[in-house]
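The values are calculated or read from the model by the stated rules, or taken from the named source; none is laboratory data. Computed from a prediction, not measured in an experiment: that's the story for all the values here. Here Cβ is always computed from backbone atoms with ideal geometry, including for glycine, and neighbour counts include all displayed protein chains. Just the protein is used for accessible areas: all its heavy atoms, side chains included, with ligands, DNA and RNA removed. Shrake-Rupley method; radii C 1.70, N 1.55, O 1.52, S 1.80 Å.
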Amino acid sequence: MSSTVSVLGHRAERREDRAFLRGEGRYVSDLEVPGMLHARFVRSNVAHGVLRGIEVSAALEAPGVVAVLTASDLALPDMPEWPREEGPPRDELARPCLAGDRVRFVGEAVAVVVAESEAAALDASELVEVDVEELPAVVDPLVAMEPGAPLLFPGYGSNVLLELGPDDEGALEGADVVVRARFTNQRVAPVPMEPNGILARPTEDGGIECVVSSQAPFGVRASLARALSREVETIFVRTVAVGGGFGAKGGAYPEHLVIAAVADRLGRPVRYVETRSENLVAMTHGRGQRQEVALGLRRDGTIVGLEATTVTELGAYAWRGSIPWRTARLMATGVYRIPRLTLTSLGVVTNTSPVGPYRGAGRPEAAAMLERLVEVASAELGIDGVELRRRNLLRPEEFPYRTPTGASYDSGDYEKVLDTALEEAGYEALRSEQASRRAVGGRLELGIGLAVFVEVSGTGPEYGGVRVEPDGTLVVTSGSSPHGQGHETTLTQLVTGLFGVPAEQVRVVHSDTRVVPRGIGTFGSRSGQLAGNAVFRSGETVLARARELAATMLEADVRDVVTDGKGGFIVAGVPSRPVSLAEVASAAEPGLLAEDGDFVQPEGTYPFGAHVAVVEVDIETGRATVKRLVAVDDCGRVINPTIVEGQVHGGLAQGIGQALYEAVGYDEAGNPLTTTLADYAMPAAPELPAFELYETETPSPRNPLGMKGVGEAGTVGAAAAVQNAVLDALSPYGVRHLDMPLTPERIWQALEGARRGAGA
Ligand code: MCN
């Protein structure tokens, strides 16, 4: 383990930022190639209906138009269904690339218009006439489950497309007290700064090259190969700068497949970049879970069991929604010792945009469910929330711990993060301040909210390699696909630490299927630990070979040869006679100083933390303001604390966004109500406090570097902590629970209701 010491924990400056700060980042929309065509999609403006016909002749005659293509013209296979363990794939449930005989949500693509300019494509797209015979739409997932509800797939006979559990009945048996609640974890939109986009072009050697705004170029390549009936070797996928993905760019979209097919067919480059309004309907949404829960406890606060039915919105197709559905199930017992669990997990289709993973992907849903429930139980039992948590938190000696849902937690010290958070927040003082403010009375109510959480990260394999070029350059190759996470910095750190070279001597290669042999991509907070360990392991092997060669060149015993911190090797204690890495590389047999491979982590790791939110709620206007957010996170050993803090910052912002502001809305007919950033409220810097970050470090035994993931942690704890804080502020008014987002209107209505109730 000694070599890990020099690679971990350094605040190296982010290598990526310079270009972005200078405005030099190039995104798909910045790419221009000779002869490039532009595409626009014609999208359904009806939520549910039978597609009777598409009239394209007027569009075809419009100036600059090269092609207008529909499902029958392109005849693409349906989108691959996401892996499904509950039975064989059901072809009739698959999502088509372009709607063929039915439309199932507003925004579903029905045709593509290709023209010489973006303006021409846009103008012509408005001339396409789509004839839809409207059907009744269903938007609310609970309504979609009722008998007689409109069916999205009548042949299947139900809108419930995913169903697991319960594995155990009677989890509440033996409880002295049972607390029940219904929560809605609302649907939100990922809203990356850069929307979806692709540039596809035929290559001279008969292939297709696609530059995609994606988190997973290899996954996109596999989907393209299937859609275009091509060998993967003839498809080249790469990214340029990717302006965020937040889980929603984790695989191929129908738009990618259509554009590549069009470029293939026309033999010309085609570029498509989504508008913001398209992004808000065509990119997958996140969350969207109804929870009906009951917690059984003994009078002393010990939990005996949890009974829950969760209904996850899938949107119009059971496509990527199965990921948050499954993950929420896996994490259903969280940080607590819950011996028995009766859990039914349903996934339901409705006439709305498809749902998929969004930063946290099931973990925030599970954490909010438990953390709200604990507060409801605390009020019911009259046991302080901190105390109630403490009595039920898993203890360090219980790890590895197998949960009733089958998750295998690697390591943890939940009480330590809780204690640290309480101490750093000054919890006791905050409670005193709250009491004295309440005694005086006033317009601004202070609320203190807590969330203790665990999440899953880093499952599966990832590729990583290291090689030394003859000039001494270290080339790191990674199968991960960063889009803001700073992999170039952290992966560089691993090899600079090992070889003692400056960062300038390291080049990181990723996100290009021509130069990286294989990869999975960046999601599920996996890259640091998986790509990191793959690169580290390869680096150690290459270093050992280089040292041996250096020993021969220095005519010394290999045990006496060390790196000199300047990019060379010396005999320990003889700094005057170094041999440089370039000299060693030049002397090496070809291929000797190169190693690569996959690091595989079958069970994942389980990062955890505790967040304390302090809010003020204006009881006249209902406006909640986050005054402080104290976040204690544990992601095992850390490569770069600055990068980790940045990751937590982003997640906290999104967690606060979900708690207070964000919600995707539809009317009853399935018309989206949030199609611009004027309707969809995202927080910006003025809405956010200065975050107070702390960490504990509990290494994971599952990888040599002892790491866990951190990319999603902020969203998992923050939303629940802020929601709890607002409800804490409202507790003197008799408000037991409110769902997110806790907008001024919702809070004000609840206070009005409580006032009226009290009056009555
Ligand atoms: N890291 C570290 N030490 C650790 C853990 C991580 O130094 N113990 C570093 C890693 O080396 C990496 C970064 O922190 O540079 C994040 O690592 P990790 O937790 O492995 O997450 P991934 O790199 O796999 O990123 C995915 C994660 C997810 S799932 C979402 S969603 C998300 C996120 O990252 N979307 C983002 N962060 C984002 N950040 C930006 N800017 N944009 C997005 O779309």
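Could you check how many residues of the stretch 247-265 are touching a strand residue (DSSP E or B) at 6+ places or on another chain (Cβ under 8 Å) and within 13 Å of the ligand (Cβ to nearest atom)? Number of matching residues: 2.
Yes or no: the stretch 442-465 includes at least one residue that is open to solvent by 10 Å² or more (accessible area, probe 1.4 Å), away from the ligand (no atom under 15 Å from the Cβ) and at pLDDT below 95. Yes: one or more hits.
Total residues in the stretch 676-691 satisfying the condition of being of a type outside the set (Phe, Trp, Tyr) and open to solvent by less than 40 Å² (accessible area, probe 1.4 Å): the figure is 2.
Within the option set 657, 651, being open to solvent by less than 10 Å² (accessible area, probe 1.4 Å), within 16 Å of the ligand (Cβ to nearest atom) and under 30 Å from residue 538 (Cβ atoms) holds for one residue only, 651. Of the candidates 240, 232, the single residue that is at pLDDT 95 or above, within 16 Å of the ligand (Cβ to nearest atom), in contact with a Lys or Arg (Cβ under 7 Å, 6 or more places away or on another chain) and open to solvent by 10 Å² or more (accessible area, probe 1.4 Å) is 240. In the stretch 354-374, the qualifying residues are those that are charged (D, E, K, R) and within 16 Å of the ligand (Cβ to nearest atom), and the one that is surrounded by the most Cβ atoms within 10 Å (Cβ to Cβ) is 365.
Might you check whether a residue that is in a helix (DSSP H, G or I) and farther than 30 Å from residue 139 by Cα occurs anywhere in the stretch 689-709? There is no residue in the stretch 689-709 that is in a helix (DSSP H, G or I) and farther than 30 Å from residue 139 by Cα. Restricting the search to helices (runs of 4 or more DSSP H) fully inside the stretch 479-588 and requiring at least 2 residues that are closer than 16 Å to residue 468 by Cα, in contact with a strand residue (DSSP E or B) (Cβ under 8 Å, 6 or more places away or on another chain) and within 16 Å of the ligand (Cβ to nearest atom) gives 487-499, 527-554. Scanning the stretch 339-353 for residues that are open to solvent by less than 10 Å² (accessible area, probe 1.4 Å), of a type outside the set (Ser, Thr, Tyr) and closer than 16 Å to residue 315 by Cα returns 347, 348, 349, 351. Scanning for something more than 25 Å from residue 637 (Cβ to Cβ), open to solvent by 50 Å² or more (accessible area, probe 1.4 Å) and of a type in the set (D, E, K, R), does the stretch 517-530 turn up at least one residue? The answer is yes; a qualifying residue exists. Residues that are over 19 Å from the mean Cα position of the chain (by Cα) and under 20 Å from residue 145 (Cα atoms) number at least 1 in the following strands (runs of 3 or more DSSP E) confined to the stretch 233-350: 286-297, 303-315, 340-349. Give just the number: which of (1) open to solvent by less than 30 Å² (accessible area, probe 1.4 Å); (2) farther than 27 Å from residue 143 by Cα; (3) in contact with a Ser or Thr (Cβ under 6 Å, 6 or more places away or on another chain) does residue 665 not satisfy? Residue 665 satisfies all of (1) open to solvent by less than 30 Å² (accessible area, probe 1.4 Å); (2) farther than 27 Å from residue 143 by Cα; (3) in contact with a Ser or Thr (Cβ under 6 Å, 6 or more places away or on another chain) except (2).
Against the numbered list (1) away from the ligand (no atom under 16 Å from the Cβ); (2) aliphatic (A, V, I, L, M); (3) farther than 18 Å from residue 414 by Cα, residue 643 comes up short only at (1). Checking 603, 616 one by one, the residue that is open to solvent by 30 Å² or more (accessible area, probe 1.4 Å), among the charged types (D, E, K, R), under 36 Å from the mean Cα position of the chain (by Cα) and within 30 Å of residue 394 (Cα to Cα) is 603 and no other. In summary, residue 185 fulfils each of the numbered conditions (1) outside any strand (DSSP E or B); (2) away from the ligand (no atom under 16 Å from the Cβ) with the single exception of condition (1). The set of residues from the stretch 375-404 being among the aliphatic types (A, V, I, L, M), within 14 Å of residue 727 (Cα to Cα) and either open to solvent by 10 Å² or more (accessible area, probe 1.4 Å) or modelled with pLDDT under 95 (or both) comprises just one member, 379.
Considering only residues in the stretch 531-555 that are closer than 17 Å to residue 584 by Cα and open to solvent by less than 30 Å² (accessible area, probe 1.4 Å), the one that is farthest from the chain's Cα centre (by Cα) turns out to be 554.
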